[in-house]
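The values are calculated or read from the model by the stated rules, or taken from the named source; none is laboratory data. Model, not experiment: these values are computed from the prediction. With ideal geometry, Cβ positions are generated from the backbone for all residues, glycine too; neighbour counts draw on all protein chains shown.
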Amino acid sequence: MVSYLGKKLTKYEIALLRKLFNHGYIGARHTEETSAMRGFPKHDRGKIKKELKKLVKKNLIIEYPSVGQTHVSLNPTKIAAIKTILADANSY
């Protein structure tokens, strides 16, 4: 299992990190929360939103307040840790 700071990451947390990383949403390039959750099963959207908030608390994702909805992107200071997490996840 993949962990960060001693806490295990769920498959949804890893999938969210991978999606934002692959699309290049790092730092000032950000996307809406709903766009980040797009592609996941609709019946899991509530769980995905909770996982997104947990990643914000772990400081791996940054929230940007916007006029319409909150936007999110990967924390640029944590990219090395995110790359390690994604590499470890690929090895499982």
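Please enumerate the residues belonging to segment 2-59 that are on the phi > 0 side of the Ramachandran plot and hydrophobic (A, V, I, L, M, F, W, C). Leu5 - this is the single residue of segment 2-59 that is on the phi > 0 side of the Ramachandran plot and hydrophobic (A, V, I, L, M, F, W, C).
Across segment 49-76, the number of residues qualifying as among the β-branched types (Val, Ile, Thr) and in a helix (DSSP H, G or I) comes to 1. Just name the residue that is nearest to the chain's Cα centre (by Cα) out of those in segment 4-23 that are under 14 Å from Lys78 (Cα atoms) and not hydrophobic (A, V, I, L, M, F, W, C). Once the filter is applied, the top-ranked residue is Arg18.
Of everything in segment 1-29 that's part of a loop (DSSP other than H, G, I, E, B) and at pLDDT 95 or above, which residue is surrounded by the most Cβ atoms within 10 Å (Cβ to Cβ)?
Result: Tyr25.
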